[in-house]
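Down below is the structure, laid out as structure tokens.
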Amino acid sequence: MRGLGSGIKFACPHCESPTIVRTSETVTRQTRQAKLICTNADCGHTFVVVVEAVRTISPSAKHHPSVHMPMAHAHARKRT
Ligand SMILES: [Zn+2]
């Protein structure tokens, strides 16, 4: 897995043009933060997005103790 750059598409909230990732950094084990720049020269919006791992769909076989992600499905509402 590489940074946000190759992974997500996030349109500019103002003009809905595509954006490019300028920088992305790890905030926590489950959170990354990226600075995006709108590709529309008439807009020029630069902004920050945060991507967070929130739910597990299929459990990891290499579980890390500091990662807390509830299962995505089921109606179990257990929060730890
Ligand atoms: Zn824009």
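Checked against the criterion of being within 16 Å of the ligand (Cβ to nearest atom) and assigned to a strand (DSSP E or B), the candidates Val27, Val21 yield just one match: Val21. For segment 30-46, a tally of residues being within 16 Å of the ligand (Cβ to nearest atom) and not in a strand (DSSP E or B) returns 7.
Taken as a whole, segment 53-73 holds at least one residue that is of a type in the set (Ser, Thr, Tyr), in contact with a strand residue (DSSP E or B) (Cβ under 6 Å, 6 or more places away or on another chain) and more than 14 Å from the ligand (Cβ to nearest atom). For segment 60-71, the criterion of a residue being at pLDDT 95 or above, assigned to a strand (DSSP E or B) and not charged (D, E, K, R) is satisfied by no position. Filtered by the rule that a residue be under 30 Å from Met69 (Cβ atoms) and polar (S, T, N, Q), segment 14-45 gives Thr19, Thr23, Ser24, Thr26, Thr28, Gln30, Thr31, Gln33. The residues of segment 31-67 that are loosely packed, with under 15 Cβ neighbours inside 10 Å and under 12 Å from the mean Cα position of the chain (by Cα), listed by number, are Thr31, Val48, Val50, Glu52, Ala53, Val54.
The values are calculated or read from the model by the stated rules, or taken from the named source; none is laboratory data. In this text, all values refer to a predicted model and were calculated from it rather than measured experimentally. Because the Cβ atoms are built from the backbone with ideal geometry, glycine has one as well, and the counts that use them run over all protein chains shown.
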